[in-house]
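Notes to accompany the following structure.
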Amino acid sequence: MASEVNEWYRGRKVFVTGASGLMGKVLIEKLLYNVSDIGCVYALVRSKRGKTPESRIEDMWKLPLFSRIREEKPHVMKKLIPVTGDILYDDLGIEKAQLEKIYDEVSVVFHFAASLRLEAPLKEGLEMNTKGTLRVLDVAKKMKNLVAFVHLSTAFCYPDYERMAEKVHDPPANPHDVLRAVSWLSDEQLNLLAPSMMQKHPNSYTYSKRLAEALVKESYPQIPAVVVRPSIVTPSYKEPTPGWVDNLNGPIGLMIGAGKGVIRTMHCYGYYHAEVIPVDIAINAIILIPFYINTKIERPPEIPVFNLTSGDDRNTTWKEVLDIGKATVRKFPFEGPLWYPNGNIRHSKIIHELCVFFYHIIPAYIIDFLMLIFGQKRFMVRIQNRISVGLEVLQYFTTREWWFDTHNFKALATKLNQTDFATFPMNLAIIEVGPYIESCMIGGKLYCLKEKLENLPKARLQNNILYLLDLLVSVFFYLLMVYWLVLLFEPFRTLLSYGGPFVRYLPLVGNAVFGDT
């Protein structure tokens, strides 16, 4: 049976912003591999660190992500056309002749470009995510054959709603007014005003994305726009290879930090459900959405919205993720860990802060002190400060329960024939949690840390040594605590004196209890 999705995309020319990001790369790979009759993909790429867009695309082709294209369909690589530009500039900074060509040829736009830094200053988030979206919309409005404008948002941009419907709600402020204010306020002034402007929003990312949604809605139905809201995006489930990931954003960064022994505690309600979606499942849905909305006879009165989440079907909790992750990192340990990976989640904010002090801050200062003694560059306090900021932002999402409507997302599969149903799987319920988390950890090891599986015996030896060291340090720590309690509280000393020979031979404690007898 022929692919109806491939037939719909046949000859179409697609424009992608954010092409060098995780989702942008996976989108391009999937389009070129499974929708091979597509006309071409214009990829908006900016120069970075002295590299031109063309050289960045060349580097991208070398990634393991594109291995099956290199091996099976190398001819489609010429369909990816880099476009020099940046969403921070009017007309996206695209050279005029190429821009005119895009106006004439492009029929589908995937707008992925954004600042993903949750802790970013408000001005950065608004400039990239809100004003950047406005600039992309202005370009899209001049495209003569546009049939779909897919705006990538986030499932967490409405913190004031207990349940997220598949619709765009009113923003807390007029986005045009906010952007005008940003244009003349200094960074310092804007940072002072940020809490009152963002209201219930925990960070600039969710706030700026919500305003961007309002701008996209405002452009509908002038352009055939849709809003797509994935939940927390995690490494690939199957395609192009299990566990593919190329950055440390989100849960994979936490897993690697914990696996390296750097992150030892996190404020999280373990019984809450983990709302995540593998990147390849999300991309499958995103590719299908332009096809799906163009099968409808009439354009709906309200802008279509797709919540790419597990919705009411999820059953995996954060505690299950942690337990499986800990078991996996002991099976496939990372190389050169700082300490034995034995961190945990804490429901109590106070207990978590105490653990941060004892497990994060104090060890960081000890390590930097040793570095100073040996004449090495100090780094651990700086890293822990960055980790603390990152954890503070992420913990907003792990201490709240989220619920979503997913009717439109689930409806995508109803329009597929057997071939496309197999080519673009979207059923989150078939994912086995244990094997998937294991593939995520291995993916982080291979693709982010560039570690080799051949080095596992050495890594396991390091892990075993650190386990013994962690056990010794833990025993010493608790003996020290008991020792101080004995010195400070006479009743506690009296109570321990009934322990007889056992207490007498405990290091530190025995001498403190029976030292005068």
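The values are calculated or read from the model by the stated rules, or taken from the named source; none is laboratory data. Keep in mind that this is a model prediction, so the values were computed, not measured. Ideal geometry is used to build each Cβ from the backbone, glycine not excepted, and the neighbour counts take in all protein chains shown. Please note that ligands, DNA and RNA were not included when accessible areas were found on the heavy atoms of the full protein model with its side chains. Shrake-Rupley method; radii C 1.70, N 1.55, O 1.52, S 1.80 Å.
When you go through (1) assigned to a loop (DSSP other than H, G, I, E, B); (2) free of Cβ contacts under 8 Å to residues at least 60 places away in the same chain one by one for Asp177, which number turns out not to apply?
That leaves (1) as the condition not met.
Does region 433-452 contain at least one residue that is in contact (Cβ under 8 Å) with a residue 40 or more places away in the chain, open to solvent by 70 Å² or more (accessible area, probe 1.4 Å), of a type outside the set (Lys, Arg) and more than 30 Å from Trp8 (Cβ to Cβ)?
No, that holds for no residue.
For the subset of region 347-391 comprising residues that are surrounded by fewer than 12 Cβ atoms within 10 Å (Cβ to Cβ) and among the polar types (S, T, N, Q), which member is nearest to Met266 (Cα to Cα)?
Top of the filtered list is Ser348.
Counting only residues that are basic (Lys, Arg) and open to solvent by 80 Å² or more (accessible area, probe 1.4 Å), how many does region 160-193 have?
Going through region 160-193 one residue at a time, the tally reaches 2.
Given the conditions (1) surrounded by fewer than 20 Cβ atoms within 10 Å (Cβ to Cβ); (2) touching a Leu at 6+ places or on another chain (Cβ under 6 Å), and given that Ile283 satisfies all but one, which numbered condition is not satisfied?
Condition (1) is where Ile283 drops out.
Would you confirm, using the coordinates I've provided, whether Lys415 is more than 28 Å from Asn203 (Cβ to Cβ) and in contact with a Phe, Trp or Tyr (Cβ under 6 Å, 6 or more places away or on another chain)?
yes
One line per residue, one yes/no per condition, for (1) under 30 Å from Pro363 (Cα atoms); (2) under 18 Å from the mean Cα position of the chain (by Cα); (3) aliphatic (A, V, I, L, M):
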| residue | (1), (2), (3) |
| --- | --- |
| Tyr207 | no, yes, no |
| Lys217 | no, no, no |
| Pro221 | no, no, no |
| Val227 | no, no, yes |
| Pro230 | no, yes, no |
| Gly257 | yes, yes, no |
| Thr265 | yes, no, no |
| Gly270 | yes, no, no |
| Asp280 | no, yes, no |
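Take the residues in region 129-159 that are more than 16 Å from Tyr205 (Cβ to Cβ) and charged (D, E, K, R); name whichever of them is surrounded by the fewest Cβ atoms within 10 Å (Cβ to Cβ).
Residue satisfying both the conditions and the ranking: Lys144.
Return the total of residues in region 10-30 being of a type outside the set (Val, Ile, Thr), over 20 Å from Val136 (Cα atoms) and crowded, with 23+ Cβ neighbours inside 10 Å.
Looking only at that region, the number is 1.
Suppose we filter Leu468, Leu485 for residues that are touching a Phe, Trp or Tyr at 6+ places or on another chain (Cβ under 7 Å), in a helix (DSSP H, G or I), free of Cβ contacts under 8 Å to residues at least 24 places away in the same chain and open to solvent by 60 Å² or more (accessible area, probe 1.4 Å); which single one remains?
After ruling out the rest, the residue left standing is Leu485.
Could you check, for region 330-341, whether at least one of its residues is open to solvent by less than 80 Å² (accessible area, probe 1.4 Å) and in contact with a Cys (Cβ under 8 Å, 6 or more places away or on another chain)?
no
Residue-wise test of (1) within 19 Å of the chain's Cα centre (by Cα); (2) in contact (Cβ under 8 Å) with a residue 24 or more places away in the chain; (3) farther than 30 Å from Asn6 by Cβ.
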residue	(1), (2), (3)
Val83	no, yes, no
Leu99	no, yes, no
Glu119	yes, yes, yes
Val136	no, yes, no
Lys144	no, yes, no
Leu152	yes, yes, no
Phe156	yes, yes, yes
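Restricting attention to region 301-329, which residues are in a helix (DSSP H, G or I), open to solvent by less than 30 Å² (accessible area, probe 1.4 Å) and in contact with a strand residue (DSSP E or B) (Cβ under 8 Å, 6 or more places away or on another chain)?
Gly311
Give the residues of region 11-38 that are assigned to a helix (DSSP H, G or I) and of a type in the set (D, E, K, R), sorted by residue number.
Lys25, Glu29, Lys30
Of the residues that sit in region 1-10 and are in a helix (DSSP H, G or I) and not polar (S, T, N, Q), which one is farthest from Arg46 (Cα to Cα)?
Among those residues, the one meeting the criterion is Glu4.
Within region 51-60, work out how many residues are crowded, with 20+ Cβ neighbours inside 10 Å and either in contact (Cβ under 8 Å) with a residue 60 or more places away in the chain or assigned to a loop (DSSP other than H, G, I, E, B) (or both).
Summing the residues that are crowded, with 20+ Cβ neighbours inside 10 Å and either in contact (Cβ under 8 Å) with a residue 60 or more places away in the chain or assigned to a loop (DSSP other than H, G, I, E, B) (or both) in region 51-60 gives 0.
For region 492-508, enumerate the residues that are surrounded by 13 or more Cβ atoms within 10 Å (Cβ to Cβ), closer than 15 Å to Leu480 by Cβ and in contact (Cβ under 8 Å) with a residue 12 or more places away in the chain.
Leu496, Leu506, Leu508
For residues that are over 25 Å from Leu428 (Cα atoms) and of a type in the set (Ser, Thr, Tyr), scanning just region 206-265, find the one that is most open to solvent (accessible area, probe 1.4 Å).
Across region 206-265, the extreme among qualifying residues is Tyr220.
Name the residues in region 81-113 that are modelled with pLDDT under 95, part of a strand (DSSP E or B) and buried (at least 20 other Cβ atoms within 10 Å of the Cβ), would you?
Within region 81-113, Pro82, Val83 meet the criteria.
Go through (1) outside any helix (DSSP H, G or I); (2) closer than 30 Å to Thr309 by Cβ one by one and return the number of the condition Pro507 breaks.
The failed condition is (2).
From Glu401, Glu392, which residue is of a type in the set (Asp, Glu) and modelled with pLDDT under 85?
None of the other options fit; the residue is Glu392.
With respect to Leu456, determine if the residue is open to solvent by 100 Å² or more (accessible area, probe 1.4 Å), modelled with pLDDT of 90 or more and closer than 16 Å to Tyr340 by Cα.
Against the criterion (open to solvent by 100 Å² or more (accessible area, probe 1.4 Å), modelled with pLDDT of 90 or more and closer than 16 Å to Tyr340 by Cα), Leu456 does not qualify.
Give the residues of region 39-50 that are assigned to a strand (DSSP E or B) and either under 25 Å from the mean Cα position of the chain (by Cα) or surrounded by 21 or more Cβ atoms within 10 Å (Cβ to Cβ) (or both), sorted by residue number.
Val41, Tyr42, Ala43, Leu44, Val45, Lys48
Working only within region 286-300, note down all residues that are open to solvent by 60 Å² or more (accessible area, probe 1.4 Å) and free of Cβ contacts under 8 Å to residues at least 40 places away in the same chain.
Lys296, Ile297, Glu298
Would you call Ser196 small (Gly, Ala, Ser) and either in a loop (DSSP other than H, G, I, E, B) or crowded, with 17+ Cβ neighbours inside 10 Å (or both)?
When the stated conditions are applied, Ser196 does not pass them.
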